[in-house]
Amino acid sequence: MRGIGAFKELTEEVEQWRHHLHEHPELEYALHETAKFVSEKLASFGINYIETGIAETGIVALIQGELGEGPTIGLRADMDALPIIEESDKPWSSKVAGKMHGCGHDGHTAMLLGAAKYLAKTRNFKGTVALIFQPAEESGGGGQRMVEEGVMDRFGISRVFGMHNYPGLDVGKFMICSGAIQGGVNDFDLIVKGKGGHASTPHHNIDPIVIGAQIILGLQALVARCVDPREAFVISVTKMHAGDAYNIVPQTAEISGTVRCIEPHLPGFAEKAILDVARGIASGFGAEVEFKYRQLDPITVNHQAETALAVEAARGLVGYHAVDDRMKPGMGAEDFGYMLQARPGAYIFLGNGSTPSVHNPAYDFDDGALPYGIGYWVNLVEGVLAA
Ligand code: NI
């Protein structure tokens, strides 16, 4: 295990890469300049297997260790930015109007490049490291597509690891837990079909707005009264559209929202329960409902043995107490969950200090976290692939 001092020297260069990526943000799958930058850097480290164009702009590069035969482990970084107008006022602010690295994926990419440079030089491990640079984490399902395009099978990856920065956690600290660490995302659309008419004659109409309002409250009662209070569960109605005149009761009302949970049985429960509540309330007033439910990003579930390996790597770097191995899972989502469905592995959070939160226009990745991320990757590789 190497302490943080081993990575300080490399950090200056990695910081320049991070700032370059930050100035040139790209979205979803259209990461052409980013992917070119990453693959050129990888080649300059003497890495001779680099496959580009996976899931359009994703990259997998392989580094063989010098300590003999062994398994292949995957390390994943996401590369995409967000459609936000940057307000960080940093000298390396986005040069592209309306796009910014507002989630720190510039830092994630730069840190994995830093680890790649170190590992390609030292090769103090057995087996192989597969560096996975992924497009479209924020939207577009890049993680899922990389798995569907056979990344795990083709490169023989047996375990896979991910990392994300965490504003609010001190730089130099890590957080992780075994089991669910990030929530799953499920979206829904409801259409309440009533009977429109003149607003002065409610008894001749079936008012989808009043029925919709009761459905919205009914969904919150579902959370409060039908789910085990020890199981985190969120239903947020985020859109309601109905009507466009003062004197007309409309025919329909449209209600949409999102469901977040960390228990694997809850997406299926929510799909049935939301429809039951909506249909029950609507039918009481003679209305009907149309319902669509989509299970999107899966719950990100860390595997026990790989979580222990991740904790060991982080503690080797920063000490026992700087790693919280029993964090409470978050309700945000992460498409690394698809990779953890394909292979055992673990996802860890890296302290980003007291920066604004991710997806905020003032956010910026904290360069002070760079050596910790690089050091974590290197310790993980040298620990998991020890001879
Ligand atoms: Ni992110």
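The values are calculated or read from the model by the stated rules, or taken from the named source; none is laboratory data. This structure is a prediction, so every number in the text was calculated from the model and none was measured. Glycine gets a Cβ as well: all are built from the backbone with ideal geometry, and neighbour counts include every protein chain shown. Remember, those area values only see protein heavy atoms, side chains included, never the ligands or the DNA or RNA. Shrake-Rupley method; radii C 1.70, N 1.55, O 1.52, S 1.80 Å.
Worth a mention:
- Rounded tilt (10° steps) of 266-284 against the dominant C-alpha axis of the chain: 10 degrees
- The chymotrypsin sites (Phe, Trp or Tyr not before Pro) of region 210-304 that DSSP puts in a loop, and whose beta carbon has at most 10 other beta carbons within 10 Å, are Y246.
- A convex hull fitted to the Cα coordinates of the chain yields 143 cubic angstrom per residue.
- On the chain, 51 percent of the accessible area sits on carbon and sulfur atoms, based on a 1.4 Å probe.
- Net lengthening on full extension, T122/K195 (0.36 nm per residue, minus Cα-Cα): 19.1 nm
- Counting only alpha carbon atoms, the long axis of helix 8-23 and the longest principal axis of the chain meet at about 40°.
- Inter-centroid distance (Cα atoms) of region 1-23 relative to region 332-379, Å: 15 Å
- Chymotrypsin sites (Phe, Trp or Tyr not before Pro) within region 1-105, DSSP loop, no more than 11 other Cβ atoms inside 10 Å: none
- Treating r as the C-beta distance of E9 and A97 and R0 as 35 Å, the FRET efficiency rounds to 0.45.
- Cα radius of gyration and Dmax for region 176-220 (Å): 18.5, 59
- Among A313, A110, A273, the largest mean-square fluctuation in a Gaussian network model of the chain, built with springs joining Cα atoms closer than 10 Å, belongs to A273.
- Restricting region 207-290 to trypsin sites (Lys or Arg not before Pro) in coil, as DSSP defines it, with at most 14 other Cβ within 10 Å: R230
- In the context of the full set of protein chains, residues of region 184-295 present 55 Å² of accessible surface per residue (probe radius 1.4 Å, heavy atoms only).
- For region 184-295, convex hull of alpha carbons as volume per residue, Å³: 85 Å³
- Pairs from K99/K328; K126/K328; K195/K239; K239/K328; K8/K36 whose Cα-Cα separation, in the structure shown, is over 24 Å: K99/K328; K126/K328; K239/K328; K8/K36
- Computed FRET value (nearest 0.05) for Y49 with Q295, which takes r as the C-beta separation and R₀ as 22 Å: 0.05
- Among P250, P202, P167, the residue with the largest mean-square fluctuation in a Gaussian network model of the chain, with springs joining Cα atoms closer than 10 Å, is P202.
- For the chain, relative contact order (Cα pairs under 8 Å, six or more residues apart, normalised by length) works out to 26 percent.
- Bridge type composition, the chain - antiparallel percent by DSSP, nearest 5: 65 percent
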